[in-house]
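Here the structure comes first, spelled out in structure tokens, and everything after it is commentary.
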């Protein structure tokens, strides 16, 4: 199938826009490439330090041999369910490497925080910036120059983007991303959502809520709803940085171990002279466009309007929101996974998962099939399903052309939507993003009076006082990266959903984030410029009529232009957000963060 003309046009525009920066990036990684093991450049003292703690076999290999040495960059901790399975990976990886005749070492660990734990707490104000910190710590781990390739062990929200940004700073090395898989399905997402809303209305108590949450988040493995963590896994696979079919295989199973072992061997192979394919060459304009297409086709996390921009920039590629918008118009929505449907990622995987999705998009010319991958194939090799044969050998078989569950996953001939459901908004309030894939058709245009808030907790207090039983647009500002680090505002979801279910016409406008869990309530998020950077959202007053039109792609306050221009900007004392829970250490990040449409980071 020939490439869809819009895919081709966006890719060419991206190449042209990135011509100089991409060329400079490729020149840098070419200059860092050498023949033979990288540790061969080290002095005797350097090298002795590098292998001092190794066992005798590895020490001999590192001292005398020419085999690759693979870095393990791990985000293991046993507080994150998604990352707990990584506890045994270093030993497993080293054993696989030795058996294959090369070596592997844990080069370093990166921080891994959980947005689910910090949601609505002060720690969430460190969350977005942890992405750039992870990139920096990845670079520190690789800076010893002992390695010929790297395995990146990460799953969740900021962790995979941070690892990839750091990996691309060492883009001359081979690299493979290694997932750990989702936890088994717990109670249904619909049941969990009902209990959350009941709690918001005072119809369920804390014990009942905790019981529901614990029945949902109940085991090692990734949370099973389709938020940023699982969007990350989809992206790494469709961008060719996972092995085919690796994203959603359960932890601690023979198939998961076989995929991990093969990832170790592939990383070493990609670092050798004959097959040398560094990660900086895999992540090119085609891979980035494929990632955006995958995001649209699955209704993925809006956080990637920030993260994909930052990841692309790390490879010298100038991805912009306009590219997301153009691609959304032609990429159909093929998956409905909670919060955009009833299913979880295990049901998505069982219905055909990534292999079916990629096969369908390739058949419609919506992906760059010739993109390079860590598997050593083009992207058509990802339209296959991994399994173990009777002898326990890893093999891949072509995926079925029929979905295993049309309520979860569909082909391009019968999509859930003809577009990706992700829209850009423009107007006199600035630029913003909205995900409409689960917003009812009659709620995609909201015109109502503004109620202005400077803290998400103010909304719950106003709700409890009975002040929000009416149509309104909640304008929640001073939530951007320069203000308080752009925390996610998920605490708003149950409250606003309750009000919408009561029949009120409700919308949210914010310079903060809602990520992959934004759902039925229309939400214009990532508003830029942010309030703390002089954005017009700082001029909105209570009672102003705000119009959010996701159909036309506009976001406006319906105030006379001269009057609005003459208004002064609201000012907020944010000092309470600058200390405690480590926030004082991130002042440098807040002061230097770029706008949301440029990635909202400092790198």
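Over the Cα atoms of the stretch 169-231, Rg to Rh with Kirkwood Rh, two decimal places? Please list the in-between numbers first.
On the way: Rg = 16.9 Å, Rh = 13.9 Å.
Checking Rg against Rh, the ratio lands at 1.22.
Rounded to a whole number of µm²/s, how large is the Stokes-Einstein D of the stretch 389-453 at 37 °C and 0.692 mPa s, given Rh as the Kirkwood radius over C-alpha pairs? Before the final figure, lay out each step's value.
Values: Rh = 16.6 Å.
The diffusion coefficient I find is 198 µm²/s.
In what sequence, highest mean first, do 451-464, 589-602 appear when ranked by Cβ atoms within 10 angstrom?
Numbers: 451-464: 17.0, 589-602: 21.1.
Output ranking for 451-464, 589-602: 589-602, 451-464.
Bins of 10 Å, beginning at zero and ending with the bin holding the largest distance: percent of Cα pairs per bin for the stretch 99-206, please.
With a bin width of 10 Å, the distribution comes to 13, 32, 26, 17, 9, 3, 0.
Does anyone have the angle between helix 5-17 and the longest principal axis of the chain? Alpha-carbon axes, 0 to 90°, nearest 10?
The two axes meet at around 80 degrees.
Measure nothing but the geometry: give the 0 to 90° angle between the long axis through the Cα atoms of 19-32 and the longest principal axis through the Cα atoms of the chain, rounded to 10°.
Roughly 30 degrees between the two axes.
Checking a compactness column here: for the stretch 1-46, what do you get for Rg(Cα) / (2.2 N^0.38 Å), N being the number of residues?
Details: Rg = 18.6 Å, N = 46, 2.2 N^0.38 = 9.4 Å.
That works out to 1.97 for the stretch 1-46.
Given a Förster radius of 22 Å and the C-beta distance between residue 272 and residue 60 as r, what FRET efficiency does 1/(1 + (r/R0)^6) yield to the nearest 0.05? Show your work: numbers first, answer last.
Values: r = 20 Å, r/R0 = 0.91.
Once the sixth-power term is evaluated, E becomes 0.65.
In whole Å, what is the distance between the alpha-carbon centres of the stretch 274-305 and the stretch 238-259?
17 Å
What translational D, rounded to a whole number of µm²/s, comes out for the stretch 29-72 from Stokes-Einstein when the hydrodynamic radius is the Kirkwood one over Cα pairs, at 4 °C and 1.567 mPa s? Kindly include the intermediate steps, with their values, before the conclusion.
Details: Rh = 11.3 Å.
Calculated translational D: 114 µm²/s.
Working from the pairwise distances between different alpha carbons, so that the mean of 1/r is found and then inverted, what is the stretch 24-156's Kirkwood radius in Å? Please list the in-between numbers first.
Details: mean 1/r = 0.0607 Å⁻¹.
Taking the inverse mean of 1/r over all distinct Cα pairs, the stretch 24-156 comes out at 16.5 Å.
Bin width 5 Å, alpha-carbon pairs only: give the P(r) of the stretch 90-131 as whole percents, running from 0 to the bin holding the largest distance.
5, 21, 17, 9, 8, 11, 12, 10, 5, 1
Taking the number of other C-beta atoms within 10 Å as the exposure measure, put 62, 255 in order starting with the fewest.
Numbers: 62 21, 255 17.
Ascending Cβ contact count within 10 Å gives the list 255, 62.
Full extension from residue 342 to residue 501: what is 0.36 nm times the residue separation minus their Cα-Cα distance, to one decimal in nm?
Here the segment from residue 342 to residue 501 would lengthen by 55.5 nm.
Consider a paramagnetic label point 7 Å from the Cα of residue 470 along Cα→Cβ; state which residues of the stretch 496-516 have an amide N under 19 Å from it.
It comes to 496-509, nothing else.
Using a simple spin-label model with points 7 Å from Cα along the Cα→Cβ vector, what separation in nm is obtained for residue 578 and residue 558?
It works out to 3.9 nm between the two label points.
Tilt of helix 353-363 relative to the longest C-alpha principal axis of the chain, in degrees (0 to 90, nearest 10)?
Result, in degrees: 90.
Quick one: if you stick a label point 7 Å off each Cα along the C-beta vector at residue 32 and residue 47, how many nm between them?
Here the answer is 2.2 nm between the modelled labels.
Over the Cα atoms of the stretch 174-301, what Rg and Dmax result, in angstrom?
18.7, 65
Any idea what the relative contact order of the stretch 422-598 is, in percent, if you count C-alpha pairs under 8 Å spaced at least 6 apart? Write out the running numbers ahead of the final one.
Working: 379 pairs, mean separation 52.6, N = 177.
In percent, rounded to a whole number, it is 30.
Which value in deg cm²/dmol, rounded to the nearest 500, describes the helix-derived mean residue ellipticity at 222 nm for the chain, given -39,500 (n - 2.57) per DSSP H run of n ≥ 4 and division by the residue count?
Working: 23 runs with 227 residues, N = 603.
My calculation for the chain gives -11000 deg cm²/dmol from helical runs alone.
Translational D (Stokes-Einstein, µm²/s) of the stretch 428-492 at 20 °C and 1.002 mPa s when Rh comes from the Kirkwood sum over C-alpha pairs? Don't skip to the answer; put the middle values down first.
On the way: Rh = 13.7 Å.
D = 157 µm²/s.
What is the extension gain from residue 214 to residue 394, computed as 0.36 nm multiplied by their sequence separation minus the C-alpha to C-alpha distance, in nm to one decimal? Can you show the working numbers first?
On the way: separation 180, 0.36 × 180 = 64.80 nm, distance 3.46 nm.
Working it through step by step, the gained length comes to 61.3 nm.
Dividing the alpha-carbon radius of gyration of the chain by 2.2 N^0.38 Å (N being the number of residues), what value is obtained? Mind showing how you got there, number by number?
Working: Rg = 23.9 Å, N = 603, 2.2 N^0.38 = 25.1 Å.
So the chain has a normalised radius of gyration of 0.95.
What percent does the relative contact order of the chain come to when contacts are Cα pairs within less than 8 Å and at least six residues apart? Walk me through the numbers before you get to the answer.
On the way: 1330 pairs, mean separation 88.5, N = 603.
Once divided by the residue count of the chain, the mean separation gives 15 percent.
I want to check the label-to-label distance for residue 426 and residue 203. Put each point 7 Å from Cα in the C-beta direction and report it in nm to one decimal.
Each label point lies 7 Å from its Cα, and together they span 4.3 nm.
Starting from the alpha-carbon convex hull of the stretch 422-598, give the projected area averaged over all orientations, in nm². Can you show the working numbers first?
Numbers: hull surface 39.9 nm².
The Cα convex hull of the stretch 422-598, projected and averaged over all directions, gives 10.0 nm².
Taken together, the values in this text are just the output of simple stated rules run on the coordinates, not laboratory data. All values derive from a computational prediction rather than experimental measurement. No Cβ is skipped: glycine too gets one built from the backbone with ideal geometry, and neighbour counts run over all protein chains shown.
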